[in-house]
Amino acid sequence: MLKVYILDNQAVARNLLSSVLMNGGHEVIGDGNHSSVNLAKMVKLQPQIVCMDIGEADQTGLALLDNVRAQLPKALIFLVSAKMDAEMITAAQSRGVVGFIVKPFNTTAVLTSIRNTILRIAGQARSKQQAESSSETPASAGDPPSSPA
């Protein structure tokens with residue numbers, strides 16, 4: 001069960017997404033608007049997933065995204081929005097967003113997006129680990145053991 005924090009200025013959206021996530025087996029450890037109090041609470045709780053609506057992809061929204069990424073570098077951030085265009089997606093991905101949730105919420109789509117993103121990231125980590133372990137060169141089996149001098 002992954003711990004999720006929801007940041008959205010609309011209480012109705014937070015409640016709907018919270019219900020979808022809890023019904024899907026996730027633990028919603030908190031939610032709130034974009035206030036500094038909620039941001040501090042979120043950082044203290046250290047969620048594994050952050051679902052956040054940044055509003056418009058303007059400087060304020062992108063600054064909020066940068067702030068969350070800086071304070072929670074290991075969290076998986078999902079952008080929640082009713083409007084997604086190529087520019088917003090590119091800007092979000094360049095700031096560490098790993099997935100997208102479209103409003104209005106569709107339970108299956110939300111849970112599938114989160115599951116597929118987690119599987120993709122786990123697969124990438126596994127591939128990276130395998131590549132690193134295969135690049136290490138073990139001592140050749142034909143080399144004689146070193147003897148003390």
Odd one out for residue 25, checked against (1) in a loop (DSSP other than H, G, I, E, B); (2) touching a residue at least 24 places away in the same chain (Cβ under 8 Å); (3) more than 22 Å from residue 108 (Cα to Cα); (4) not aliphatic (A, V, I, L, M): (3)
Kindly state which strands (runs of 3 or more DSSP E) lie completely within the range 48-106 and contain at least 2 residues that are among the basic types (Lys, Arg), out of contact with any helix residue (DSSP H, G or I) (no Cβ under 9 Å at 6 or more places or on another chain) and modelled with pLDDT under 95. none
From the option list 50, 28, single residue qualifying as closer than 13 Å to residue 101 by Cα, among the hydrophobic types (A, V, I, L, M, F, W, C) and either within 17 Å of the chain's Cα centre (by Cα) or surrounded by fewer than 12 Cβ atoms within 10 Å (Cβ to Cβ) (or both) is 50
Keeping to the range 28-51, report how many residues are more than 23 Å from residue 109 (Cα to Cα) and among the hydrophobic types (A, V, I, L, M, F, W, C). 6
Applying the selection to the range 1-22, what residues are more than 17 Å from the chain's Cα centre (by Cα) and part of a loop (DSSP other than H, G, I, E, B)? 9, 10
Report the residue count in the range 28-47 for those that are over 22 Å from residue 93 (Cα atoms), outside any helix (DSSP H, G or I) and either touching a Lys or Arg at 6+ places or on another chain (Cβ under 8 Å) or of a type in the set (A, V, I, L, M) (or both). 5
The one condition residue 111 fails out of (1) surrounded by 10 or more Cβ atoms within 10 Å (Cβ to Cβ); (2) at pLDDT below 95; (3) not acidic (Asp, Glu) is (2)
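The values are calculated or read from the model by the stated rules, or taken from the named source; none is laboratory data. No experiment lies behind these values; they were computed from the predicted model shown. For neighbour counting, all protein chains shown are included, and Cβ atoms are generated from backbone atoms with ideal geometry for every residue, glycine included.
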